[in-house]
Amino acid sequence: MPKADLRRLQDDGLARYVREELYPFSAHYRRVFDAAGVKPEDVRGVADLARLPFTTKQDLLAAQSDPATKRDFVLIPSPEKIRAHWPLGRKLPLLLGGAEARERVRRAYTPNFVTFTTGRSSDPVVFSYTPYDLQLLGEIGARMWDVHGITDPATRILNMFPFAPHLAFWQATFAGFETGQLMLGTGGGKVMGTAGNLRVAERVQPTVLIGTPGFVYHMLREGAERGAKLSSVNMVILGAEKVTQGLKEKMSEALAALGSPKVVISGTYGFTEARMAFSECPTPYDKTPGYHVYPDKGVFEVVDPESGRVLGEGETGELVYTPIDGHGTVVCRYRTGDVAVGGITWEPCPWCGRTVPRIGTELRRASDQRSMSLTKIKGTLVDLSTMASILSDLPEVEEWQVVLQKKNDDPHGLDELVVRISARPETDRAAFEKKLRENLMLGIEVSPSVVEFMTRDQVLEALGMETELKEKRFLDRRPKA
Ligand SMILES: [Zn+2]
C-alpha cells in the first residue's frame, strides 16, 4: 500500500480502537482520558495521541501490585458498555444473538494465557492474552516469517529460545503453528544442554536456527570445535538481545566450519508490552534494513526522551508504542525506554520493497525502565547494552562477563568493574587489553578496574550457559541502594 493509504488505515484503526475498546473497557485508560479531558471521539488519528500522557512500566507495576487495580489494564467488556460504545452494526448481532453471542464475547475477551517481562531490577509485569490475542500472535508470527523470507515448504526450524512465559519463545512457536512449518523447540541450554541441542540439530538438520545471540553463538562454536556436521542451515534468526556486526561475523565463521557457508543472520525486536515482535528482512551481514512493523496492528511514535515531544520521521528518539488491535492487557503510549538511532522511516525498504514503517536497528537504552541496563559505575551512568555490544563485537572475545562489585566487599567502598574474558588462544593479551580499555573508554567512558583472563569453561560456568534461562552477562554484586 502507498504510505498515505497506510497512514489513513492506521488513523482509522486507532480511532476505532480507542472508541470501541480502550476507552469503554480499560478502567485505567478511562481514568486517564477523563483526567486529560480527552473524549474518545477526540482521537481521530495518530497526531491526537500527543494529547494523552505516556504510560510507563511503573504505572503497570503500581496497578498490578494492588489487588483493587490489578486488572485495570485488562479490557473487560460489559453489556452496558457495549450498548453505550459500540456502533449498531457491531452490537446488534451480539445483543440479538443470545447465549452463543455471549460465549463469543467471553472467548474474545477472557484471558487464557500470560507472558511476563524479564526485568532483573523490578518485579515482573504480567501481560495477559485472550484466545483472540493468541490468534493474533499466530498471524504476527506468519508475517515475521514472510518478512524473513521463510517460504520454502521444506523448512525445518530449530527453536532454541528458553521454555519460559516470555514473548520470544511463544512468538516463534506460534509462527510455526500458524505457517504449518516443521519446528522443534529444544528449550535452549538449560533444558537440553549444549550437547543435547547439538545432537538434535545434527539429527534434524534444520534450515533455520532461532534463539538468543549468546546461546546460538555458543552452540555453533562448540559444534564447530567438536566436528559436528550441520550443513543445512541457511538462516539464523536472533531475538531478545541486540546483535552486533562482530557477533554476526563470528557466528558465520562457526557456521561455515559446520558446513553451512551461506547463511543470512537476521535480528528481531519485540517486547512483552507489545505482545508481538518485528523482523529484519534478509540482507548481507553488513547491511541493516531495520525492523519492519505492522501499521495496522499498532502505532510507534518517536519522542524526545527528555521533553516527551513527538519527533519527525528519521529523527533519533525513544520508541513509544500503542496497539490498535488486541484484547487482554493493553497499553497506550507505552514508553519502551529504547532509543532508536535514526528513528523510524516510512520509505519503501530498499531490500524487500515493502512500504511499512521501519525502526532503525541500532537501539540504545533511554532509561532503566525495563532492566538494569543503565547503571552507575564509579559515578558514571553507563548503558550496559552498549557495553555488551562492545564486548561481543571484538573478534578476540570468545565469551565475556561483567561483574560489578564493591572494592574489598566494603559496602561504602569504591565500585569495581571487573571484565572477565575468555580470549581466542592466539590473542596477544596485553595488546588486546589495551584495545578493550580504549573501546570501552570511547563507548561508555569507563575503563575496567580489572580485566580478568579466564578459560572459556570458567566463563561459561560463571555465565550459567547451561543452568540459567538466560546467561548472566552482568553480575551486580553491589549491595542494593
Ligand atoms: Zn525489507
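The values are calculated or read from the model by the stated rules, or taken from the named source; none is laboratory data. No experiment lies behind these values; they were computed from the predicted model shown. Virtual Cβ from ideal backbone geometry, glycine too; neighbours counted across all protein chains shown. Ligands, DNA and RNA are excluded from the accessible area calculation, which covers all protein heavy atoms including side chains. Shrake-Rupley method; radii C 1.70, N 1.55, O 1.52, S 1.80 Å.
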Exercise for review: Please enumerate the residues belonging to region 146-172 that are among the acidic types (D, E) and in contact (Cβ under 8 Å) with a residue 12 or more places away in the chain.
Suggested key: D152
Practice item. Determine whether T268 is part of a loop (DSSP other than H, G, I, E, B) and touching a strand residue (DSSP E or B) at 6+ places or on another chain (Cβ under 8 Å). Key: no
Check your understanding: Is region 296-313 home to any residue that is within 16 Å of the ligand (Cβ to nearest atom) and in contact (Cβ under 8 Å) with a residue 60 or more places away in the chain?
Key -> no
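Restricting attention to strands (runs of 3 or more DSSP E) lying wholly within region 81-167, give those where 3 or more residues are under 30 Å from T336 (Cα atoms) and either in contact with a Gly (Cβ under 6 Å, 6 or more places away or on another chain) or open to solvent by 30 Å² or more (accessible area, probe 1.4 Å) (or both). So that I can check it myself, show each step before the final result.
Values: elements: 113-116, 126-129, 156-159.
Correct list: 113-116, 126-129.
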Study note, to complete from the structure: By residue number, the members of region 16-46 that are in contact with an Asp or Glu (Cβ under 8 Å, 6 or more places away or on another chain) and among the small types (G, A, S) are S26, A27, G45
Exercise for review: Report, by residue number, each residue of region 303-322 that is open to solvent by 10 Å² or more (accessible area, probe 1.4 Å) and out of contact with any Phe, Trp or Tyr (no Cβ under 7 Å at 6 or more places or on another chain).
Suggested key: D304, P305, E306, S307, R309, V310, L311, G312, G314, E315, T316
Check your understanding: Within the group A154, A142, A172, which residue is in contact with a helix residue (DSSP H, G or I) (Cβ under 6 Å, 6 or more places away or on another chain), more than 16 Å from the ligand (Cβ to nearest atom) and aliphatic (A, V, I, L, M)?
Key -> A142
Study note, to complete from the structure: Only one of I359, I344 is open to solvent by less than 20 Å² (accessible area, probe 1.4 Å), within 16 Å of the ligand (Cβ to nearest atom), closer than 30 Å to E280 by Cα and touching a Lys or Arg at 6+ places or on another chain (Cβ under 7 Å), namely I344
Practice item. Provide a single number: the residues in region 271-288 that are assigned to a loop (DSSP other than H, G, I, E, B) and within 16 Å of the ligand (Cβ to nearest atom). Key: 9
**Study point:** Residue check, F33 over 27 Å from the mean Cα position of the chain (by Cα) and open to solvent by less than 80 Å² (accessible area, probe 1.4 Å)
**Key:** yes
Check your understanding: Given the conditions (1) open to solvent by less than 10 Å² (accessible area, probe 1.4 Å); (2) without any contact (Cβ under 8 Å) to a residue 40 or more places away in the chain; (3) assigned to a helix (DSSP H, G or I), which single one is not true for E202?
Key -> (1)
Check your understanding: Can you tell which of D383, D393, D338 is within 30 Å of K70 (Cα to Cα) and either among the acidic types (D, E) or touching a Pro at 6+ places or on another chain (Cβ under 9 Å) (or both)?
Key -> D338
Practice item. Would you check which residues across region 11-32 are in contact with a Lys or Arg (Cβ under 7 Å, 6 or more places away or on another chain) and not acidic (D, E) and list them? Key: A15, Y23, P24, F25
Point to revise | Selection status of E468, surrounded by 13 or more Cβ atoms within 10 Å (Cβ to Cβ) and more than 18 Å from D393 (Cβ to Cβ) | key: yes
Exercise for review: Any chance you could count how many residues in region 254-292 are of a type in the set (F, W, Y) and over 17 Å from the mean Cα position of the chain (by Cα)?
Suggested key: 1
Exercise for review: Answer yes or no as to whether K378 is away from the ligand (no atom under 16 Å from the Cβ), in contact (Cβ under 8 Å) with a residue 60 or more places away in the chain and surrounded by fewer than 22 Cβ atoms within 10 Å (Cβ to Cβ).
Suggested key: yes
Practice item. Being small (G, A, S) and open to solvent by 60 Å² or more (accessible area, probe 1.4 Å) is the filter here, so list the residues in region 36-49 that pass it. Key: A47
Check your understanding: Quick one: what pairs do we get from region 345-360, first residue on the phi < 0 side of the Ramachandran plot, second in a loop (DSSP other than H, G, I, E, B) and acidic (D, E), C-beta under 7 Å, 6+ apart or different chains?
Key -> T345/E313; W346/E313
**Study point:** Selection from region 183-198 of residues that are within 17 Å of G223 (Cβ to Cβ) and either in contact (Cβ under 8 Å) with a residue 24 or more places away in the chain or open to solvent by 10 Å² or more (accessible area, probe 1.4 Å) (or both)
**Key:** L184, T186, G188, G189, M192, G193, T194, A195, N197, L198
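Answer yes or no as to whether D383 is among the acidic types (D, E), surrounded by fewer than 20 Cβ atoms within 10 Å (Cβ to Cβ) and out of contact with any strand residue (DSSP E or B) (no Cβ under 6 Å at 6 or more places or on another chain).
Here the answer is no, as D383 does not meet what is asked.
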Exercise for review: Go through region 313-371 and give me each residue that's of a type in the set (S, T, Y) and closer than 26 Å to K248 by Cβ.
Suggested key: T316, T336, T345, T361, S371
